[in-house]
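Worksheet for the structure shown next.
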Amino acid sequence: MNIKVVKFGGTSMANKDAIERVKNIINSDPDRRFVVVSAPGKRFKGDEKITDLLLASYEEKKSTGSCHIFFSKVRDRFIEIVNDFSLKLDINKYLDEIEKNIDQSNSPDYAASRGEYLSALVMSEILGFEFVDAANIIKFNKKGSFDASYTNDLVSSRLSMDKGAVIPGFYGTMPDGSIKTFTRGGSDFTGSIIARGVQADVYENWTDVDGFMTADPRIVDNPHIIDFLSYEELRELSYMGASVLHPSSIFPLQSTSIPINVRNTFNPSAVGTFILKDTSDKKTSLITGIAGRTGFTTFFIRKALMNNEIGFCRKILSIFEYYDISIEHMPTGIDTMSLIVPNDHLTDGLEFEIIEKIRGEVNPDVIFVYKNIALIAIVGHGMSNQTGTAARVFTALAAANINVKMIDQGSSEINIIVGVNGEDLNRAIAAIYHEFF
Ligand code: ADP
Ligand code: ASP
Ligand code: MG
């Protein structure tokens, strides 16, 4: 018998119809024994996600002392699901306790995590599977970093059963027992952690699209589904904005070769995308996918004979280190250097302080800052032995009248990163997409 870990996202848990599908998918294959669930998501365009309502509940309690108004919306949604499935679960008991705890809490994480907690409780009732709380098996260390090896030991011993279990996604606990969540979309990461812990044969990630696509379907109409993607390509694409999988999803799997299969709850006959450690024996196209996001700042520096000045880079980098700012990319030329940093590492006006420091330290001929940069990653193993890909990207962007702010061919040779103005992001992705697909 194989072991399949299955994770169902927010849309798959949103209402009766979707949960009914989830139930059928699980019941149709006895290998699907470990189930990770997200909090219920949007039921229709404009609807609210449970996680957002819970975060709003916490904000409400912070400003008024009680989370009652927003929490009532959470309450209504779970009561509706419990009634739809005629469950015996005393959901009000859980809801009352959670409401009370949110009113007494002083961190948003507890509140944010309760959507997954309740969703898993409900799902375990529906399936007749055991409920295993992530709080007991997913652990962070004192510094708040995920503790992979401790977690792995706990997961493998706790889930060594033959029957099915449902585990809430998105959270774990600190050494003092308090709840801590991953970043948004983190239930995908929980699924990978469980897949590694139980040594699954496959990790099925069920969502609301037919697979991982060559570009964001909200930007490009009907992008192709990618049949095979490598772990490495997944990392590049999800980090750069392909939000279908959380960017940390591959970390727990790196020491394994467990495939991730991205599939559609609403079209289970589609085979979806297989994400494999190694895709070198698969037929691949030049480019596997494109993804991008806004939110970056570029520092551009020019100085004649920069390359002869020993220690130039070190001096610049130590300034960024001093301000605790991580650098995403650092394309350099003979006399030029750009440093790309995430906006959220720059507090208001900090860029001017940094410019002054750089001037004092290396006396550049030119230095300026672009604040509103979007980065686009063009990713694929197929590029590594092909010339001319960057030229095609440029030509496509020039034809669409898009100004390129920087370009960086990653040293891994599986990606090209292009920087454009934030407002050009979607047009640029579409232009590159149509050049290659
Ligand atoms: P879930 O709630 O199941 O975790 P998400 O909303 O997190 O689902 O992720 C699925 C969504 O990701 C899709 O509906 C799609 O709009 C978006 N998306 C962005 N980039 C891509 C891509 N490259 N391929 C597929 N979907 C993408
Ligand atoms: N419910 C969480 C979120 O909305 C986690 C997840 O869905 O993966 O971010
Ligand atoms: Mg998601």
For this session: Treating cross-link reach as a plain straight distance, find the lysines whose alpha-carbon is under 20 Å from the alpha-carbon of Lys357, omitting any fewer than eight places away in the same chain.
Result: Lys303, Lys315, Lys371
Problem set entry | Where labels lie 7 Å past Cα in the beta-carbon direction, separation of Asn307 and Lys282 in nm | 3.9 nm
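Rank Asp176, Asp47 by accessible area, highest first, at a 1.4 Å probe radius? Don't skip to the end; give the middle numbers.
Values: Asp176 120, Asp47 15 Å².
The ordering from most to least exposed comes out as Asp176, Asp47.
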Exercise. What is the percent of Cα-Cα separations in the chain that go past 31 Å?
Worked result: 48 percent
Problem set entry | Across Lys4/Lys163; Lys7/Lys139; Lys7/Lys49; Lys283/Lys405; Lys49/Lys73, pairs whose alpha-carbon gap is larger than 22 Å | Lys283/Lys405
Problem set entry | Cross-link reach list, aspartates and glutamates versus Lys61, counting only Cα pairs under 17 Å and skipping chain neighbours closer than eight places | Asp52, Asp96, Glu97, Glu99, Asp103, Asp109
Seminar exercise, completed: So Asp52 and Lys315, fully extended at 0.36 nm per residue minus their Cα-Cα distance, gain in nm 90.4 nm
Exercise. If we sort 183-194, 397-408, 358-369 on the protection proxy, mean other Cβ atoms within 10 Å, highest first, what's the order?
Worked result: 183-194, 397-408, 358-369
Seminar exercise, completed: Per the rule of 0.36 nm per residue minus the C-alpha distance, extending Asn141 to Arg427 adds in nm 98.7 nm
Exercise. How many times 2.2 N^0.38 Å is the alpha carbon radius of gyration of region 1-52?
Worked result: 1.24
Exercise. Just from the alpha-carbon atoms, what are the Rg and Dmax of region 154-267 in angstroms?
Worked result: 15.0, 48
Exercise. Using only the Cα atoms, what convex hull volume per residue in Å³ does region 262-388 have?
Worked result: 182 Å³
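How do 314-320, 76-82 rank on mean C-beta neighbours within 10 Å, highest first?
On the way: 314-320: 15.6, 76-82: 18.4.
Listed from highest to lowest mean packing, they are 76-82, 314-320.
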Seminar exercise, completed: The simple spin-label model distance between Thr387 and Asp96, using points 7 Å out along Cα→Cβ, in nm, is 7.5 nm
Exercise. Semi-axes, largest first, in whole Å: what does sqrt of 5 times each Cα gyration tensor eigenvalue give for region 317-429?
Worked result: 28, 16, 14
Exercise. What accessible area, in Å² to the nearest ten, does a 1.4 Å probe give for His345?
Worked result: 70 Å²
For this session: Please report, in whole Å, how far the alpha carbons of region 1-96 spread along each principal axis, starting with the longest.
Result: 53, 25, 24
Exercise. Given H placed on each backbone N at 1.01 Å, which residues far from Ile3 in sequence or on other chains put an amide H within less than 5 Å of it?
Worked result: Asp201, Val202
For this session: May I ask for the angle, rounded to the nearest 10°, between helix 50-64 and the longest principal axis of the chain, with both axes built from Cα atoms and the value confined to 0 to 90°?
Result: 90 degrees
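Send over the Kirkwood Rh of region 364-437, from the inverse of the averaged 1/r over different Cα pairs, rounded to one decimal Å.
So the Kirkwood estimate lands at 12.9 Å.
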For this session: Could you work out how far apart the two model spin labels at Asp162 and Ile327 are, taking each label as a point 7 Å from the Cα in the direction of the beta carbon, and quote it in nm?
Result: 5.8 nm
Exercise. Which of Gly172, Gly41, Gly144 moves the most in a Gaussian network model of the chain with Cα springs under 10 Å?
Worked result: Gly144
For this session: Calculate for the chain the 222 nm mean residue ellipticity that helices alone would give, adding -39,500 (n - 2.57) per DSSP H run of length 4 or more and normalising by residue count, nearest 500 deg cm²/dmol.
Result: -11500 deg cm²/dmol
Exercise. So if we plug the beta-carbon distance of Lys62 and Arg184 into 1/(1 + (r/R0)^6) with R0 = 22 Å, what FRET efficiency do we get, rounded to 0.05?
Worked result: 0.70
Exercise. Given +1 on the Cβ of Lys and Arg, -1 on the Cβ of Asp and Glu, and no further charges, what dipole in debye does the chain carry about its Cα centre, rounded to the nearest 20?
Worked result: 280 debye
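The values are calculated or read from the model by the stated rules, or taken from the named source; none is laboratory data. As the structure is a computational prediction, the values presented were derived from the model and not from experiment. Please note: Cβ atoms are built from the backbone with ideal geometry, for glycine as well, and neighbour counts cover all protein chains shown. Calculation scope for accessible area: heavy atoms of the full protein, side chains included, ligands and nucleic acids excluded. Shrake-Rupley method; radii C 1.70, N 1.55, O 1.52, S 1.80 Å.
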